[in-house]
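Chemist: Questions regarding the structure given below will be posed in turn.
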Amino acid sequence: MNETHLVEYLSRASEHFPAMNNIYRPQLMTVEHIRDETPDVRTLRLAFQDKAVGEEFAFIPGQFGEYSVFGRGECVFAIASSPADRGHVECSFKLMGKVTTALRDVEIGDTIGFRGPYGNGFPLDELRGRNVFFAGGGIGMAALRALIEYCLHHRQEFRHITILNGARSVADLVYKEDMARWAEQPDVELVQTVDPGGETDDWDGEVGFVPTIMEQMAPKPDDRVAITCGPPIMIKFALLALERLGFPPERVITTLENKMKCGLGKCGRCNVGPVYVCRDGPVFTAAQLQNLPKDF
Ligand SMILES: Cc1cc2nc3c(=O)[nH]c(=O)nc-3n(C[C@H](O)[C@H](O)[C@H](O)COP(=O)(O)OP(=O)(O)OC[C@H]3O[C@@H](n4cnc5c(N)ncnc54)[C@H](O)[C@@H]3O)c2cc1C
Ligand code: FES
């Protein structure tokens, strides 16, 4: 069965086989727009082919989806778009292996699969009425992008917003247009940094690792929530830096990227002790992480 036949088959399957109407059945999505963020990160804008489902679809920033290339496999990415953007989802992916390589080959107009939203998402009620400090590194900005867009869409519900964004090099900085737009919003401060050696002659941002710059910025913990997303090594040192800055662990929030399969608490691929990262996370406070098994 070639890809076109497989897509047609999935479209009609539930009419003929009610059992196909199952939790693993993806929505069919049309690739509407492709943007290269960096040499190895690409953003896809996907439209729900079933318009009614698209209009109904809603998610909490920090939730994720399973994206599939038919015949090639499925993998997990944060939903990176604004929750206010109905009928569409966006994801940004870094080229890693089998599925992301297959996704690199999709073109505008192609059909891919999407199921979700899964996971808990960011605790929005904990953020409302507070100052919010975002610290994102590399592709970790994808989950933060949805939350930053949410905060800006509901601007009056949040106080001062600081966005610290880091990347290995200037060429690796993602969401350049979004960053410029965010920086122009009232009461929003944007600081960008690249790893030592990743700067260019005309770079006017910071040079240093995200946790180092975070400590230099020294955000006050008073009535502020810190949210950090990025590679595990960055998160490890960012959590230590926030602890030194005096943030209580209940007001430090991060996301975990354990390997996943089903995405919805069935297969046991992602668990840490009794916790299923796909279902109970991927968003956790530093206080919750302290209660996970030590080998984590
Ligand atoms: C909740 C969550 C949100 C995520 N959001 C994003 C996102 O927005 N954008 C993005 O680019 N990626 C994200 N990821 C990571 C992404 O799921 C993996 O990079 C992707 O599944 C790789 O698929 P692949 O088939 O191309 O690679 P594979 O062929 O499966 O693997 C290639 C290599 O990457 C390693 N690998 C695969 N998955 C992971 C993982 N989760 N953690 C560490 N190493 C891994 C493998 O061990 C192997 O060495 C997220 C993961 C989780 C759990
Ligand atoms: S990925 Fe299957 S239980 Fe979490």
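The values are calculated or read from the model by the stated rules, or taken from the named source; none is laboratory data. Fair warning: this is a prediction, and the values are worked out from it, not measured in the lab. Methodologically, a virtual Cβ is constructed for each residue, glycine included, from the backbone with ideal geometry; neighbour enumeration extends over all protein chains shown. Areas reflect the complete protein model, heavy atoms only, side chains present, ligands, DNA and RNA absent. Shrake-Rupley method; radii C 1.70, N 1.55, O 1.52, S 1.80 Å.
Chemist: Look at region 85-124 and say how many of its residues are at pLDDT below 95 and either among the β-branched types (Val, Ile, Thr) or under 22 Å from Leu152 (Cα atoms) (or both).
Modeler: Total meeting the criteria: 3.
Chemist: Restricting to region 50-91, name every residue that is hydrophobic (A, V, I, L, M, F, W, C), within 11 Å of ligand 1 (Cβ to nearest atom) and either over 19 Å from Ile112 (Cα atoms) or part of a loop (DSSP other than H, G, I, E, B) (or both). Can you show your working first?
Modeler: Start the filter on region 50-91 by keeping residues that are hydrophobic (A, V, I, L, M, F, W, C), which leaves 52-53, 57-60, 64, 69-70, 75-80, 84, 89, 91.
Next cut, within 11 Å of ligand 1 (Cβ to nearest atom) only: 64, 69, 75-80, 91.
Once the filter is applied, which keeps residues that are hydrophobic (A, V, I, L, M, F, W, C), within 11 Å of ligand 1 (Cβ to nearest atom) and either over 19 Å from Ile112 (Cα atoms) or part of a loop (DSSP other than H, G, I, E, B) (or both), region 50-91 yields Ile79, Ala80.
Chemist: Which of the residues spanning region 269-279 are in contact with a strand residue (DSSP E or B) (Cβ under 9 Å, 6 or more places away or on another chain) and more than 12 Å from ligand 1 (Cβ to nearest atom)?
Modeler: Scanning region 269-279 gives a single hit, Val275.
Chemist: Can I ask one more? Taking the criterion of being open to solvent by 20 Å² or more (accessible area, probe 1.4 Å), more than 22 Å from Gly281 (Cβ to Cβ) and touching a strand residue (DSSP E or B) at 6+ places or on another chain (Cβ under 9 Å), would at least one residue in region 61-73 satisfy it?
Modeler: Yes; the residues of region 61-73 include at least one that is open to solvent by 20 Å² or more (accessible area, probe 1.4 Å), more than 22 Å from Gly281 (Cβ to Cβ) and touching a strand residue (DSSP E or B) at 6+ places or on another chain (Cβ under 9 Å).
Chemist: Got a sec? Which of Lys266, Lys236 is within 14 Å of ligand 2 (Cβ to nearest atom) and either within 20 Å of Pro61 (Cβ to Cβ) or open to solvent by 50 Å² or more (accessible area, probe 1.4 Å) (or both)?
Modeler: Lys266
Chemist: Oh, and also: Can you tell me which of Gly113, Gly97, Gly140 is on the phi < 0 side of the Ramachandran plot and touching a Cys at 6+ places or on another chain (Cβ under 7 Å)?
Modeler: Gly140
Chemist: Related question: Which residue, of Asp202, Asp223, is farther than 20 Å from Arg145 by Cβ, in contact (Cβ under 8 Å) with a residue 40 or more places away in the chain and over 24 Å from the mean Cα position of the chain (by Cα)?
Modeler: Going through Asp202, Asp223 in turn, just one is farther than 20 Å from Arg145 by Cβ, in contact (Cβ under 8 Å) with a residue 40 or more places away in the chain and over 24 Å from the mean Cα position of the chain (by Cα): Asp223.
Chemist: If you don't mind, another one. Looking at (1) assigned to a helix (DSSP H, G or I); (2) open to solvent by 30 Å² or more (accessible area, probe 1.4 Å); (3) within 16 Å of ligand 2 (Cβ to nearest atom), find the lone condition where Pro117 falls short.
Modeler: Pro117 satisfies every listed condition except (1).
Chemist: Restricting to region 233-268, and then to whatever is small (Gly, Ala, Ser) and touching a residue at least 12 places away in the same chain (Cβ under 8 Å), can you tell me which residue is nearest to ligand 1 (Cβ to nearest atom)?
Modeler: First pass over region 233-268, keeping only residues small (Gly, Ala, Ser): 238, 241, 246, 263, 265, 268.
Narrowing further to those that are touching a residue at least 12 places away in the same chain (Cβ under 8 Å): 238, 241, 246, 263, 265.
Details: Ala238: 17, Ala241: 23, Gly246: 29, Gly263: 8, Gly265: 13 Å.
Restricting to residues being small (Gly, Ala, Ser) and touching a residue at least 12 places away in the same chain (Cβ under 8 Å), the top hit is Gly263.
Chemist: Please specify each residue of region 120-132 satisfying the condition of being buried (at least 20 other Cβ atoms within 10 Å of the Cβ) and on the phi > 0 side of the Ramachandran plot. Reasoning before the result, please.
Modeler: Keep residues of region 120-132 that are buried (at least 20 other Cβ atoms within 10 Å of the Cβ), which gives 121-122, 127, 132.
The one that is buried (at least 20 other Cβ atoms within 10 Å of the Cβ) and on the phi > 0 side of the Ramachandran plot: Gly121.
Chemist: Need the failing condition index for Glu206 against (1) at pLDDT below 95; (2) away from ligand 2 (no atom under 16 Å from the Cβ); (3) not hydrophobic (A, V, I, L, M, F, W, C), just the number.
Modeler: Status for Glu206: all satisfied but (1).
Chemist: Of everything in region 280-296, what is within 13 Å of ligand 1 (Cβ to nearest atom) and either open to solvent by 40 Å² or more (accessible area, probe 1.4 Å) or part of a helix (DSSP H, G or I) (or both)? Give them in sequence order.
Modeler: Correct list: Asp280 only.
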